[in-house]
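**Student:** Sharing a structure below in structure tokens format, with a few things to ask.
The numbers here are math on the coordinates, done by the rules we state, and not lab data. Treat the numbers as computed from the prediction; the structure is a model and nothing was measured. Every residue, glycine among them, receives a Cβ derived from its backbone with ideal geometry; neighbour counts consider all protein chains shown.
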């Protein structure tokens, strides 16, 4: 009886894993320039749910565990089958550059969650096996995958690496001329930068600050991504999205991809 129950549980786990990692039917969509899939790995079909809507930017949190790049928000959620390769790199290689209805880069954010030095060393080994699909600092590739590191990465080591295959996500202070080739995007905590929470009209001074950040990013050739956006209600988060979408250099991160796409489509 116990063996039967154990066998049934194991079978269920294997089926669940298979269902999670199975490549779904995929039809390329027109690329969305400003959409960013926050915590993309939480979705029923990581990567594909975002691509199906045209999102050009997805984010995966990565822990280095025994030389494997496991994807998850925290250690308790990790599983050996859910790796950067299985959820992202292998499916992307299978798609062979056919990601959108026209050539466009996918930005794959890899958020380092532990041991930056060791994680970078292992990531470089892994990415070397996918070099032909990557858009790198040395070799841009139309329709390629641009890997952008965020989180606890070893900045100076990476910038000093002449063979690096990745780009970096900087801070707002990195919004500077001459940095876009290595640091194409910067990020900031919304709630530490602005007080407006999506209720009522954005204060004039803060609206000016947001416009200035966009204008500066346009001049430097970079993108700006804010996180911890107000999201207590649908109305609040959509008000913030609508304000961000006014400015082409701002990426808009969301958990609610279909909802964000609807807002984007209305503002086109």
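**Student:** Among 216, 242, 94, which one moves the most in a GNM of the chain with springs linking Cα atoms closer than 10 Å?
**Tutor:** Maximum fluctuation in the GNM of the chain, among the listed residues, is at 94.
**Student:** Could you grab the relative contact order for the chain? Cα pairs under 8 Å, six or more apart, rounded to a whole percent.
**Tutor:** Once normalised by length, the contact order is 16 percent.
**Student:** 222 nm [θ] for the chain, helices only, -39500 (n - 2.57) per DSSP H run of 4+, per residue, to 500?
**Tutor:** Estimated from H runs of four or more residues: -10000 deg cm²/dmol.
**Student:** Quick one: check the C-alpha center-to-center distance for the stretch 204-268 versus the stretch 122-190, whole angstrom.
**Tutor:** 23
**Student:** Still on this structure: Please sort 159-170, 31-42 by packing, taking for each peptide the average over its residues of neighbouring beta carbons within 10 angstrom, highest first.
**Tutor:** 31-42, 159-170
**Student:** In addition: To check you understand DSSP bridge types, tell me what percent of the beta bridges within the stretch 31-267 (both residues inside) are antiparallel, rounded to 5.
**Tutor:** DSSP beta bridges in the stretch 31-267 are roughly 15 percent antiparallel.
**Student:** I would also like to ask the following. How far apart, in nm, are the 7 Å Cα→Cβ label points at residue 94 and residue 266?
**Tutor:** For residue 94 paired with residue 266, the spin-label model returns 3.6 nm.
**Student:** How far apart, in nanometres, would the label points at residue 176 and residue 33 be if each is projected 7 angstrom from Cα along the Cα-to-Cβ direction?
**Tutor:** 2.7
**Student:** Same structure, new question: Given springs between every Cα pair under 10 Å in a Gaussian network model of the chain, which of 110, 126, 62 has the largest fluctuation?
**Tutor:** 126
**Student:** Of 150, 173, 81, which is the most mobile in a GNM of the chain whose springs link Cα atoms less than 10 angstrom apart?
**Tutor:** Of 150, 173, 81, the Gaussian network model singles out 173 as fluctuating most.
**Student:** In what sequence, highest mean first, do 253-265, 65-77 appear when ranked by Cβ atoms within 10 angstrom?
**Tutor:** Taking the mean over residues of other Cβ atoms within 10 Å, the ranking is 253-265, 65-77.
**Student:** I've got another one for you. Rounded to the nearest 0.05, what FRET efficiency do residue 118 and residue 228 give with R0 = 25 Å and r taken as the Cβ-Cβ distance? Could you check?
**Tutor:** Calculated value: 0.35.
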